[in-house]
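Some notes on the structure that comes next.
The values are calculated or read from the model by the stated rules, or taken from the named source; none is laboratory data. Computed from a prediction, not measured in an experiment: that's the story for all the values here. Every residue, glycine as well, gets a Cβ built from its backbone with ideal geometry; the counts of neighbours run over all protein chains shown.
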Amino acid sequence: MTTTHDAVIERVFNAPRELVWKAWTDPEQVMRWWGPKAWTSPIAKIDLRVGGKYLFSMKTTEGEIYYSTGTYQEVTPMDKLVFTDSFSDESGNIISPTQVGMSENFPEVLLITLTFEDVPNGTRMTLRHSGMPVGGEREMTEAGWQESLDKLEATLR
C-alpha cells in the first residue's frame with residue numbers, strides 16, 4: 001500500500017477574490033499561468049458546473065504537451081472549487097500516470113480543493129491536492145504548483 005500525503009499550499013494574492021476566482025474559472029485566464037515556469041498552456045477548456053469537466057494542457061520548452069482533466073465536484077462561486085485531477089490525452093480521456101513517466105504508485109485520480117477568502121489587501125487561496133504519494137513525485141508536484149502560482153500572481157498585477 002502506498003502512503004499518501006496531501007500537498008497543501010496557501011498563497012495570499014494582492015488581488016480581489018473575484019480576480020483570483022476568475023483566474024481558475026476562465027479558460028483565457030488559465031492559459032496565462034497554468035504550468036511550471038517557462039511552460040505554456042495552449043489549451044484550457046472549462047465546463048464550470050458540478051459534473052462539468054475541464055481539460056488543461058502544459059507545453060514544455062522542448063514542445064512536449066501534457067494534458068490534465070477532471071470533473072468538478074463542488075462549485076461555490078468565489079468561495080470553493082473541488083475537482084478531480086488526472087493525466088489525460090488531448091481528448092480528455094484519463095490515461096495512466098505511467099504513460100507520462102510517473103511511477104506505478106502515482107494515483108490515476110487525485111482531488112484538488114481550492115478555497116478563497118478575503119484578507120486585508122487581497123485574497124487567501126488554499127490549494128489542497130489530496131492523495132499524493134509520499135516522496136519525490138509529491139515534491140515535484142508541489143514545486144510545479146509553486147511555479148504555476150508564481151505565474152498566476154504575476155498575471156494578477
Considering only residues that are touching a residue at least 40 places away in the same chain (Cβ under 8 Å) and under 20 Å from Thr76 (Cα atoms), which ones fall in the stretch 25-44?
Thr25, Gln29
Here the residues within the stretch 11-48 that are assigned to a loop (DSSP other than H, G, I, E, B) and in contact with a helix residue (DSSP H, G or I) (Cβ under 9 Å, 6 or more places away or on another chain) are Asn14, Ala15, Trp34, Gly35, Pro36, Lys37, Ala38, Trp39, Ser41, Pro42, Ile43, Leu48
From the list Lys22, Lys53, which one is farther than 22 Å from Glu137 by Cβ, without any contact (Cβ under 8 Å) to a residue 12 or more places away in the chain and among the basic types (Lys, Arg)?
Lys22
Within the stretch 95-123, track down each residue that is crowded, with 16+ Cβ neighbours inside 10 Å and modelled with pLDDT of 95 or more.
Pro97, Leu110, Leu111, Ile112, Thr113, Leu114, Phe116, Gly122, Thr123
Checking Asp6 against (1) farther than 19 Å from Thr123 by Cβ; (2) among the acidic types (Asp, Glu); (3) not in a strand (DSSP E or B), the condition it does not meet:
(3)
Please list, ordered by first then second residue, the pairs with beta carbon atoms under 9 Å, 6 or more apart or interchain, first in the stretch 105-132 and within 13 Å of Glu18 (Cα to Cα) and in contact (Cβ under 8 Å) with a residue 24 or more places away in the chain, second of a type in the set (Val, Ile, Thr) and surrounded by 20 or more Cβ atoms within 10 Å (Cβ to Cβ).
Phe116/Val20; Phe116/Thr123; Glu117/Thr123; Gly122/Val20; Thr123/Val20; Met125/Val20
Search the stretch 38-74 for residues being in contact with a Gly (Cβ under 8 Å, 6 or more places away or on another chain) and among the β-branched types (Val, Ile, Thr), and hand back the single one that is farthest from Pro107 (Cα to Cα).
Ile46
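Residue by residue, here is whether (1) within 16 Å of the chain's Cα centre (by Cα); (2) within 20 Å of Pro97 (Cβ to Cβ) holds:
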{"site": "Gly122", "(1), (2)": "no, no"}
{"site": "Leu127", "(1), (2)": "yes, yes"}
{"site": "Pro133", "(1), (2)": "no, yes"}
{"site": "Thr141", "(1), (2)": "yes, yes"}
{"site": "Glu147", "(1), (2)": "yes, yes"}
{"site": "Ala154", "(1), (2)": "no, no"}
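If you go through the stretch 15-53 one residue at a time, how many are of a type outside the set (A, V, I, L, M), in contact with an Asp or Glu (Cβ under 7 Å, 6 or more places away or on another chain) and more than 14 Å from Leu152 (Cβ to Cβ)?
The total comes to 1.
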